Amino acid sequence: MLRSIVILSIILCLSMVAQAQDDGEEDFDDPVVDSLLREYAVATSDTTRVRLCWEIGDESNNPDTVLKYAQIGVALLDGRDSSLLASLYGFQGWAYNCIEEYSTAIEYYKKAVVMFRSIDNMQNAIMHSVNMSRAYQNLNMYSEMWRTLYDALGDAQQNEDTSNICYCYYTIAEYYGDFGMKQQSIEMADKLYQFAKRAHRYDDMSLGASKMSSQLFDSTDVNACREAIKWGRIALDCYEKSGDHSYFYAAEICSVLGTLVLDWLAIATIEGNDAYIDSASHYIDVYEAYVINMDMAEEVNYIIATCVNEAMIKYARHDYKGAEKKLYEALKYAWGNEVHSYDKEFYENLAETNYKLADYRNALKYYEMYRKEVAPLRGSRVIVEAAAFEVRSVVEQEQAAAEYEKIKAEKELEDRRRHFSRMLIVSAVGFVALMTFIFILWRMLQNIRKGNAVLVSHNEEIKAQNEELNVEKANFAAINDKLRQGMRYARRIQMATVSSEEEIEEVFPDALVYNRPCEIVSGDWYWTARLGSKRILALGGSAKHGVPGALVSMMTVNALKDTVGQLSAMSVVSPTAILRTVKRKLPEVARNNAAGVSLCVFGRGSVRFAGVNQNAVLLKNGSSVIMHGDRPGDMFYTLTEGDVVVLYSASTKRELLDRDISPEEFCDILAQQSPAGRKGTIEELMVQKEQSEDVTVVSITI
């Protein structure tokens, strides 16, 4: 029953994405457009006017303005085929789509596509084909919608147009999701994510992961919810890496945050654990802060979503009266702004809430209203599914036939090449064999009298060479043995420099220390100390392995010991200040070869953190908090019993990524184990693949 309350928030966020994708926000006072209009008013040549008509259409979000100047530009070009004319046709298609004249929009989209194809501009032809499919959708012409979209995907794949392949995958996944075809939507979203990952397109990876998260949700399955949470976090991470903070991607991120809220509330309901409601509240807070930061808080959809978010939490905490009040408030605001696209969800939610309040009369009233809204949708959904499967089947058959013909032609060509190669090889081998036989016969006749003497001479030479090889082999074995002895002794010296496991366990009783060098000596290091009531823990590494890395690590530890030794137990111990002092003390060659350092100062119920090129992870209440390095100043966190702080070196991160596991996932795995069982978990992970980096992990359980 909770699903009917919280699903409205996701629908709101998805509507924002659709709005952003269609460029639906109108800005009638855009200063850029105003400047272009003033420039057009004083333009004196047709060439300048045509250029300005295109720029106005490209910049303006006002359908009337776009339509007016696109028509003027078309008239000035007088039918001359060009990329400019095709773009003006596309602008008219967009404008007619916005004013809901969908048949006319399709007519102009077709003109744009035909002209772009004629001038071999397939990228824009594909993009306008996808836009045309939306007009078909609005006319309920579902077969044409699917056909246009799948044809666009085929063209994008044939032209290896990475951007439009991602665009088509995303649009197909979106359509499947809109019509409730979850499995097909998940399939396309996964294709989008995997393809974008191979192309290193973090923005499209974020879109694919977002769709996976929203479609994997199942309010009755904890595992499905946790899988959806995993994909939601991947979407947020890819979004941050992409650096794209446009309105469209901002709306998509709001959708991801809403899905995470939905997942945590579903888990809280299934497992009966109210602690998960706090996780949902956390993502609601993140959502609201993000909306404010992106200057979207005053938009109608976000105001409605804020009320629905509050209703979700109240419903989850069994405050049904409060949930009902917030739903009424959201419904009133939606109707006041003539927004009726969410009426079906509002009716369903109000029916559920009134039922919980034992107000059966109102519950029945809203259920009847909900039933009237849903009935027409069920019939159209059957039509959409039938059209989708019909078009997809035809497209797949055509693709399979084309692929078969291609493979058949390639096989015939390969057979001819092999036959010619075999004949050429046979001829060459016969010729070489004949010449070889003649040469051997001639050599035998020439050397028959000297054969014995040559054999004796060769035997003596071989014997002398074998003796030399044996001497060199013995020398190499002795040198190798000396080197290994030196390396093992160097390891003892290095381990005497850093803190031993016993010293760390004396300071942190429930500590786990795992250090496995790639070679005998290691570029990684760890060190701990007490300073009055404070406890200091540091972990770092070098960019090199073996002896060079060990030398850099020893210089770094010695500089750290010297710096901490100068501190007073009564002074404020700042990790950032310590690392800054250590950096100044290190020689330039050590600074250039130090991969990173993480430093924690533990107090009573708190920890201060700073890092250089390294992060750490705080496992708190079943979730991971990344303690980012390279931030100005100290990062401060409060600690409670049961929290786990995990430090790992930069080389450990590279080794984990090489095993297809992120440091955060690795830390989540450790959090699920007891302190005694964590080392065994790491060992099991390490034996799965040959090690190529130094691995060092220290975890502290509070």
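Coordinate-derived values only; no laboratory data. As the structure is a computational prediction, the values presented were derived from the model and not from experiment. Here Cβ is always computed from backbone atoms with ideal geometry, including for glycine, and neighbour counts include all displayed protein chains.
Just a few scattered comments:
- Note: the stretch 85-225, Cα convex hull, 112 Å³ per residue.
- Diffusion coefficient of the stretch 497-701 by Stokes-Einstein, Kirkwood radius over Cα pairs, 37 °C, 0.692 mPa s: 194 µm²/s.
- Shown here are the Rg and Dmax of the Cα trace of the chain, at 34.8, 121 Å.
- Estimated dipole of the chain in Debye, rounded to 20 [Cβ of Lys and Arg +1, of Asp and Glu -1, Cα centre]: 2940 debye
- Set of aspartates and glutamates with alpha-carbon distance to Lys583 below 15 Å, sequence-local pairs under 8 removed: Asp562, Asp630
- Candidates Thr148, Ser651, Leu618 compared by Cα position along the dipole of the chain: farthest toward the positive end lies Ser651, with charges placed on Cβ.
- Note that the stretch 43-141 carries a Kirkwood radius of 13.3 Å, evaluated over its alpha carbons pair by pair.
- Considering only Asn309, Ser129, Gly677, the residue lying farthest towards the positive end of the dipole of the chain is Gly677, judged by Cα position with unit charges set on Cβ.
- FRET efficiency for the pair His628 and Met686, taken as 1/(1 + (r/R0)^6) with r the Cβ-Cβ distance and R0 = 25 Å, rounds to 0.45.
- For Asp285 and Leu76, the FRET efficiency from 1/(1 + (r/R0)^6), where r spans their Cβ atoms and R0 equals 56 Å, is about 0.55.
- Spin-label proximity, Glu460 to the stretch 422-444 - amide N less than 12 Å from point 7 Å beyond Cα toward beta carbon: none
- Rounded to the nearest 0.05, the FRET efficiency derived from the C-beta distance between Asp562 and Lys679 at R0 = 30 Å is 0.45.
- Between the residues Tyr276, Tyr96, Val521, the greatest Cα displacement towards the positive end of the dipole of the chain, with unit charges on the Cβ of Lys, Arg, Asp and Glu, is found for Val521.
- In loop segments of the stretch 620-659 as defined by DSSP, the trypsin sites (Lys or Arg not before Pro) with at most 14 further C-beta atoms inside 10 Å of their C-beta are Arg659.
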